[in-house]
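The values are calculated or read from the model by the stated rules, or taken from the named source; none is laboratory data. These numbers come from a predicted model, not from an experiment. Neighbour counts run over all protein chains shown; Cβ positions are idealised from the backbone, glycine included. Ligands, DNA and RNA are excluded from the accessible area calculation, which covers all protein heavy atoms including side chains. Shrake-Rupley method; radii C 1.70, N 1.55, O 1.52, S 1.80 Å.
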Amino acid sequence: MNSPSASTTTSGRVAQEAERRRTFAVISHPDAGKSTLTEALALHAKMISEAGAIHGKSGRKSTVSDWMEMEKARGISVSSTALQFEYGDCVINLVDTPGHSDFSEDTYRVLTAVDAAVMLIDAAKGLEPQTLKLFQVCRHRGIPVITVINKWDRPGRAPLELLDEISERIGLIPTPLFLPVGIAGDFRGLLRRGEDGAAAEYIHFIRTAGGATIAPEEMFTPEQALEREGEPWETAAEESELLSATGQDHDQEMFLAGQTSPVIYASAMLNFGVRELLDTLVALAPAPGPRADIAGTEREPAEPFSAVVFKVQAGMDAAHRDRLAFMRIVSGEFERGMVVTHAQTGRPFATKYALTVFGRERATVDTAYPGDVVGLVNATALGPGHTLYVDKKVEFPPIPSFAPEHFATLRARSAGKYKQFRKAIDQLDSEGVVQVLRNDLRGDASPVLAAVGPMQFEVVTARMQAEFNVETQLDFLPYQLARRTDSESRAELDRQRGVEVFTRSDGAILALFSDKWRLQYIQKEMPELTLELLVAATD
Ligand code: G4P
């Protein structure tokens, strides 16, 4: 037999490595338990010996990034990072979404870098606004969703009622893999559903002090479970059959198509259901697949290296005021130090400083594979949506900019700082921190900033001060929504009351409206005008 050539062995290795990766993000409303779940996952992966080392509430040891005083003051993390760990034969990449109640474009961009999402729901609260918005983005992008109903150790709603809410409000069919034994507040364990909803197994959890260590599990047969738990077991078994009768059993194809969602009941705080979530990710979540480029040609994971930048972040740490571009590897093997091509400029790009970042922890990355997230240091030319590649040229479609809902003008308080101010605006714009709009009437001295969430403005003013030493004045504008228009419609729109037209730095022409009634009126009176919806989470 001929020995395989070097390139076939590389692509074989890459295919194998890609196959064992699972890259996902948790989508949730604040307080649903995302940080607690992240800790619990890390604990299961044995990265940390005791839960509480990652998220810094209640004075526990904190490794949450405090790149800005603003973050510290609020006790939140604005920065998105990625956590990688091995679990069994798999490599799990958990890409973190910003943890604040506010939205920013970053939250959406993270979802362009993952292959699956875990929708985390508080058992007492059900679906909440931010979860809904993020779910819509997943749907829009065709990302399969696994549902975790958290805080089952606390009084909450009935298990099936929560499932009904999911199917009724978002049209996603929940297909539980596990049902809770014991009502919310009396969480004893999980019933694993088998063929046709028949109870396959009882997983009984044993509490540990403060949920600080992995909760030991005891497995029982359904017969033993009935004897041990009595009525709560019977209820769970009946509910399981009921779900089968309405067709709510797992179907892999429907899950991957985003029509159904496997459900797990859990308590992130007590580490109940966390192993089950990891096993589900391994068994059901998709491995990195091919990605279509702008011409529609698919880049397969085993092809030469390519990656998409999904997020740029600066000034994460006062000690190193650097700028990190996070890329998600689409294909091939990444080796630190390799020279790649930046598709947007055609220029070579050296990757000497490649990192993984989680919280304050930074580690050098030497090799990485499809699905992995790598931070490149001081990657000034890179912006969200940019492509890097070697060998065979590829350019992936840009990340859509989401519909802004908040608008403000920004100006330097001191005229003497104008030059720095302009430089800073260009920098923040290229990083995608905020959208920058201009028109001739307003000029360049006080550009209009457009944001998906108002916290983006705070990031801008804080960075203006801290990094560029420019004090700024932010004034909100009375606009509530934006539509994309074109140069033909522009003149007419400019004449309308309650409307102002701008050019965004990517060349898009945006019309801002004072409110939806104004927009509706104009659409009705002048149907010939181009007024397109921008990509919005709520479309
Ligand atoms: P977030 O990142 O989604 O915003 O939520 P986070 O994990 O910070 O959790 C929010 C609150 O909910 C925390 O309480 C946390 O302890 C609690 N929590 C998370 N998961 C569970 C769970 O499974 N069961 C119960 N009972 N509580 C849970 P806190 O009082 O705000 O903070 P802390 O003092 O407990 O750290």
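A few notes on this one:
- Carbon/sulfur fraction of accessible area - the chain, other protein chains in place, 1.4 Å, %: 50 percent
- Which listed pairs, of K311/K419; K125/K516; K151/K311; K125/K151; K352/K423; K311/K423, have C-alpha distances above 22 Å, in listed order: K311/K419; K125/K516; K151/K311; K352/K423
- Per residue value of the accessible surface for region 406-525 (all protein chains in place, 1.4 Å probe), Å²: 48 Å²
- Packing, as the average of other Cβ atoms within 10 Å across residues, places the peptides 491-498, 107-114 in the order 107-114, 491-498, highest first.
- Considering only the chain, percent of DSSP beta bridges that pair antiparallel, nearest 5: 75 percent
- Using θ = phi - 60° in the Karplus curve 6.51 cos²θ - 1.76 cosθ + 1.60, the 3J(HN,Hα) couplings for region 238-249 round to 5, 4, 4, 5, 4, 5, 5, 4, 9, x, 8, 10 Hz; x is entered for Gly and Pro.
- Close amide H pairs (under 5 Å, H built 1.01 Å from N) link T260 with I173, F255, residues at least 5 positions away or on another chain.
- Cβ crowding within 10 Å averaged over residues, with 464-477, 323-336 ranked highest first: 323-336, 464-477
- In terms of packing, defined here as the mean over residues of other Cβ atoms within 10 angstrom, the peptides 23-36, 404-417 line up highest first as 23-36, 404-417.
- Pairwise centroid distance, computed over Cα atoms, of region 108-136 with region 441-494, Å: 28 Å
- Pairs of alpha carbons in region 406-525 separated by more than 22 Å make up 34% of all such pairs.
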